[in-house]
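Encoded as structure tokens, the structure appears first; notes follow it.
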Amino acid sequence: MADRPQGPVGVGAAATVPVPPVVMPRRRRFSHGIGAYKQALFILLLIVLSILFVYPFIWLISASLKPQGETFDNKLIPDILVEPWYDNFTEVADRVPVATWFVNSVWISGLAAVLVTLSSALVAFAFAYFDFPGRTVLFAIVLGTMMLPGAVTMIPTYLIWQHIGEFTETHAFLPHIGVNTQYPLWVPNLFGSAFYIFLLRQFFLGVPRQLFEAARIDGDSYFSMFRRIALPLAKPALIVVFIFEIQAKWFDLITPLIYLTEDKLFTLPLGIKVLLDRYGVGGGGEGEWNIIVAGTVILVVPMVIIFAIFQRYFVSGITTQGGKG
């Protein structure tokens, strides 16, 4: 008679069945190992690139705290106990009107960014919502303006502003808005930007059209739909446009260099050029690079702060646009 399996047998008892150990297939274990190596390599690459990108900024901050003879000694931790760390910045403020230049850059950049954001959003909403004859052709013409380099339109634009200034000078009741005024630095932003129009149009096309149709049934006007529906939904894209234009105007050197001649009208980039011409070796100065570097820090730090504040909106806007593409 064959042996019966040992163990409790019955209705209320459960038979003990040995469970074999789970063995991961060799190929799967190998693929998991490769994935871990890739992740470690990716993290290492991020660390190396982060150091490369951050090092120039850290060097700039460090050099701005050093005296003249130690600006290029490559020490990342300056000996600020020997001389006060703010000496270079107070020296900049004493030699040039850096506070006036800073205020000029703030209000010009802010006003220009607000104007170009609103005007571009309005045009982009029209291209996205309205279906009218020639819409595609007009949009293609708008995008075609992006193919023209700024150097091509620089001289004609300057001549236009020169004639406008001559016209306003001959009519006393008009404000002077030509050359050697700050109007050419922000007035063109009233007419929008082709790149921003394209960016915002793509965003508005992703808004469900049923929202606008429901608003029209409720009696909203087109401007009301633009204000109450389109703008709130496009907040991340609008902030991206705003940051882009703030950065563009803040670091713009060519436009102030062409139109401005008085120190009190200068912006910070043009002011830094003045520092370089006066105190750099190439401009006939004594090579006071600590003063030039301190002025550069005053120019760069505000943009770093602004980006840190609006970073989540910036990433959200870029992610949304990338998902639509």
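Taking one equal scatterer on every alpha-carbon of the stretch 127-203, how large is log10 of I(q)/I(0) by Debye at q = 0.20, 0.23 1/Å?
-0.93, -1.05
Would you mind ranking Lys38, Lys235, Lys66 so that the residue whose beta carbon has the fewest other beta carbons within 10 Å leads the list?
Values: Lys38 10, Lys235 13, Lys66 24.
So the ranking, lowest neighbour count to highest, is Lys38, Lys235, Lys66.
Obtain the nm distance between the two label points defined at Leu190 and Ser224 by a simple spin-label model: each point lies 7 Å from its Cα along the Cα-to-C-beta direction.
Simple spin-label model gives 2.8 nm for this pair.
Amide H to amide H, which residues 5 or more places from Ser193 or on other chains are under 5 Å from it, using H placed in the peptide plane?
Ser120
Per Stokes-Einstein, at 20 °C and 1.002 mPa s, what whole-number D in µm² s⁻¹ belongs to the stretch 196-246, with the Kirkwood radius over Cα pairs as the hydrodynamic radius?
Values: Rh = 11.6 Å.
The diffusion coefficient I find is 185 µm²/s.
Could you work out how much longer the chain between Val152 and Phe173 gets when fully extended? Use 0.36 nm per residue separation minus the Cα distance between them, nm to one decimal. Don't skip to the answer; put the middle values down first.
Values: separation 21, 0.36 × 21 = 7.56 nm, distance 3.35 nm.
Length difference between fully extended and current span is 4.2 nm.
Of the listed peptides 170-178, 269-277, what is their order by residue-averaged count of other C-beta atoms within 10 Å, with the highest listed first? It would help to have the intermediate numbers written out before the result.
On the way: 170-178: 10.9, 269-277: 19.7.
Highest mean packing first, the order is 269-277, 170-178.
Pop out the ³J(HN,Hα) list for the stretch 109-117 in order, Karplus 6.51 cos²θ - 1.76 cosθ + 1.60 with θ = phi - 60°, rounded to Hz; leave Gly and Pro as x.
5, x, 5, 4, 5, 5, 5, 6, 5
On full extension of the chain, what length is gained from Phe53 through Ile254, given 0.36 nm per residue of separation minus the C-alpha to C-alpha distance? It would help to have the intermediate numbers written out before the result.
Details: separation 201, 0.36 × 201 = 72.36 nm, distance 2.58 nm.
Once the chain is fully extended between Phe53 and Ile254, it gains 69.8 nm.
For the stretch 52-177, compute Rg over Rh where Rg is the Cα radius of gyration and Rh is the Kirkwood radius from the inverse mean 1/r over Cα pairs. Could the numbers behind the result be given before it?
Working: Rg = 24.2 Å, Rh = 20.5 Å.
Rg divided by Rh gives 1.18.
Between Leu159 and Arg312, what length in nm is gained on full extension when 0.36 nm per residue of separation is reduced by their alpha carbon distance? Working shown, then result.
Working: separation 153, 0.36 × 153 = 55.08 nm, distance 4.17 nm.
Result for the pair: 50.9 nm of gain on full extension.
Please report the spacing between the Cα centers of the stretch 238-282 and the stretch 193-228 in Å, no decimals.
Rounded to whole Å, the Cα centres lie 35 Å apart.
Apply 1/(1 + (r/R0)^6) to the Cβ-Cβ distance of Arg278 and Val114, taking R0 = 25 Å, and write down the FRET efficiency to the nearest 0.05. Don't jump to the answer; show the numbers that get you there.
Numbers: r = 34 Å, r/R0 = 1.35.
Plugging the Cβ-Cβ distance into 1/(1 + (r/R0)^6) gives 0.15.
Compute the Kirkwood hydrodynamic radius of the stretch 166-307, taking the inverse of the mean of 1/r over all pairs of distinct Cα atoms, and give it in Å to one decimal.
Details: mean 1/r = 0.0527 Å⁻¹.
Result for the stretch 166-307, one decimal place: 19.0 Å.
Computed FRET efficiency, Cβ-Cβ of Leu46 and Asn74, R0 22 Å: what is it to the nearest 0.05? List each step's numbers first, then the result.
Values: r = 25 Å, r/R0 = 1.12.
After rounding, the FRET efficiency stands at 0.35.
Can you compute the modelled spin-label distance between Gln247 and Glu166, with each label point 7 Å from Cα toward Cβ, in nm?
4.0
Using Cβ counts within 10 Å as a stand-in for footprinting exposure, how do Tyr86, Tyr196 rank, fewest first?
By the 10 Å Cβ count, ascending: Tyr86, Tyr196.
Readers should treat all values here as calculations from the given coordinates under stated rules, not as data from a laboratory. Since this is a predicted model, take the numbers as computed values, not measurements. Heads up, the Cβs are rebuilt from the backbone with ideal geometry, glycines too, and the neighbour counts pull from every protein chain shown.
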